[in-house]
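Here the structure comes first, spelled out in structure tokens, and everything after it is commentary.
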Amino acid sequence: MQLVRYNLLNEAQEAITPMLQRVLTNKGFFEWYTPANEPKGSSGFKGEAGVLWTAIVQLTEKLKQENKTQVNPL
């Protein structure tokens, strides 16, 4: 995920949120979606799952790193 690579973490979270919401709303992954965001095609399609998982892992790791580097004022 290029946004994570360039430390645009807020933008990365903004970009990934609708994708995660769509998976949760539709209770899974589908091959494609209509312009009205209706799931179509095979519900057994998992190509999107791998890409989304990679983005989640990269964003989570980067956020953990960022939290470790912040200075605690106390």
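What the table below lists for this structure:
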item	result
Residue check for GLU66: in a helix (DSSP H, G or I), open to solvent by 50 Å² or more (accessible area, probe 1.4 Å), out of contact with any Pro (no Cβ under 9 Å at 6 or more places or on another chain) and at pLDDT below 90	yes
Number of positions in segment 17-55 that are in contact (Cβ under 8 Å) with a residue 12 or more places away in the chain, within 18 Å of MET1 (Cβ to Cβ) and open to solvent by 50 Å² or more (accessible area, probe 1.4 Å)	4
Condition met for PHE45 (in contact with a strand residue (DSSP E or B) (Cβ under 8 Å, 6 or more places away or on another chain) and not in a helix (DSSP H, G or I))	no
Residue in segment 22-38 that is aliphatic (A, V, I, L, M) and in a helix (DSSP H, G or I) present	yes
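The values are calculated or read from the model by the stated rules, or taken from the named source; none is laboratory data. As the structure is a computational prediction, the values presented were derived from the model and not from experiment. Neighbour counts are summed over all protein chains in view; Cβ atoms, including those assigned to glycine, are modelled from backbone coordinates with ideal geometry. What goes into the accessible areas is simple: the full protein's heavy atoms, side chains included, and nothing from ligands, DNA or RNA. Shrake-Rupley method; radii C 1.70, N 1.55, O 1.52, S 1.80 Å.
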